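Engineer: Handing you a structure now.
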Amino acid sequence: MPTYEGSFDARHLRVAVIAARFNETISKRLLDGALDCLIRHGIPPEEVWVAWVPGAFELPSAAKRVASSGEFDAVVCLGVVIKGATPHFDYVAGHAAHGIGQAALDTGVPIAFGVLTTETAAQAEERAGGKMGNKGFEAAAAAIEMANLFASLPKPQTNL
């Protein structure tokens with residue numbers, strides 16, 4: 001029985017990282033974690049591309065645009081949405097999650113979801129290099145693994 005599994009060897013990959021500027025202090029820490037992961041796993045720095053968007057709401061359209069280019073093996077989306085007293089959180093977080101997932105399905109390119117959706121800024125900080133680790137690092141690791149898995153899986157048929 002064939003078994004497929006992605007590796008964490010990024011030496012041959014080209015990855016785009018898209019980061020949301022809203023809550024930029026925390027987003028930068030997520031970006032630092034993602035870049036650390038990519039470099040540690042062997043990706044040459046010149047094969048990592050970074051783009052900034054205004055906020056998490058804009059991540060899906062940028063991810064789809066970049067993934068559709070055919071220039072990248074994977075995309076990592078990073079952002080921070082902190083719950084406030086209004087339903088704005090629900091709209092932004094929901095749109096980001098759904099849109100990023102849809103972009104991955106539409107393009108066939110792995111797009112990792114590294115968007116923090118927390119109740120408080122303290123929780124976000126804990127997940128951006130604090131006691132809960134760095135979710136940017138984790139999202140980049142998922143992107144590497146999925147890019148390698150996709151490379152080993154049977155190719156989709158284009159004339160269905």
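Values in this text are rule-based calculations from the coordinates and carry no lab data. Predicted model, so just to flag it, every value in this text is computed and none were measured. Here the Cβ is made from the backbone with ideal geometry for all residues, glycine too, and neighbour counts use every protein chain on show.
Engineer: Net charge near Lys131, counting Lys/Arg +1 and Asp/Glu -1 over other residues with Cβ under 15 Å of its Cβ?
Structural biologist: 0
Engineer: When Rg is the radius of gyration of the Cα atoms in the chain and Rh is its Kirkwood radius, what does Rg/Rh come to?
Structural biologist: 0.99
Engineer: When the helices in the chain are scored as -39500 (n - 2.57) per DSSP H run of 4 or longer and the sum is shared across all residues, what 222 nm value do you end up with, to the nearest 500 deg cm²/dmol?
Structural biologist: Calculated from helices alone, the mean residue ellipticity at 222 nm is -14500 deg cm²/dmol.
Engineer: Continuing with this model, one more query. Quote to one decimal, in nm, the extra length available between Glu119 and His95 on full extension: 0.36 nm per residue of separation minus the C-alpha distance between them.
Structural biologist: Length gained between Glu119 and His95: 6.9 nm.
Engineer: What does the charge count around Arg14 come to, taking other residues whose C-beta lies under 10 Å from its C-beta (Lys +1, Arg +1, Asp -1, Glu -1)?
Structural biologist: -4
Engineer: Here's another thing I want to ask about it. Would you work out the relative contact order for region 1-87, in percent, from Cα pairs under 8 angstrom that are 6 or more residues apart?
Structural biologist: Value for region 1-87: 44 percent.
Engineer: Determine the sum of side-chain charges near Arg65: Lys and Arg each +1, Asp and Glu each -1, restricted to other residues whose C-beta is under 15 angstrom from that of Arg65.
Structural biologist: -2
Engineer: For region 78-83, just list the computed ³J(HN,Hα) in residue order, Karplus coefficients 6.51, -1.76 and 1.60, θ = phi - 60°, integers in Hz, with x standing in for Gly and Pro.
Structural biologist: 10, x, 9, 10, 10, 5
Engineer: What does the charge dipole of region 30-134 about its Cα centre add up to, to the nearest 20 debye, if the Cβ of each Lys and Arg holds +1 and the Cβ of each Asp and Glu holds -1?
Structural biologist: In total the dipole reaches around 200 debye.
Engineer: Let me ask something else. Excluding residues fewer than 8 places away in the same chain, name every one of the lysines whose C-alpha is closer than 27 Å to that of Lys64.
Structural biologist: Of all the lysines, those that pass the test against Lys64 - Cα under 27 Å, at least 8 places apart if same chain - are Lys28, Lys83, Lys135, Lys155.
Engineer: If you don't mind, another one. Kindly point out which whole DSSP H helices in the chain project their C-alpha atoms 20 angstrom or further along the helix axis while averaging a Kyte-Doolittle hydropathy of -1.0 or above.
Structural biologist: Taking the DSSP H segments of the chain (at least 20 Å long, mean hydropathy at least -1.0), we get 24-40, 88-107, 135-152.
Engineer: So if each residue of separation counts as 0.36 nm, and I subtract the Cα-Cα distance between Ala151 and Glu24, what length gain in nm does that give?
Structural biologist: That works out to 42.4 nm of additional length.
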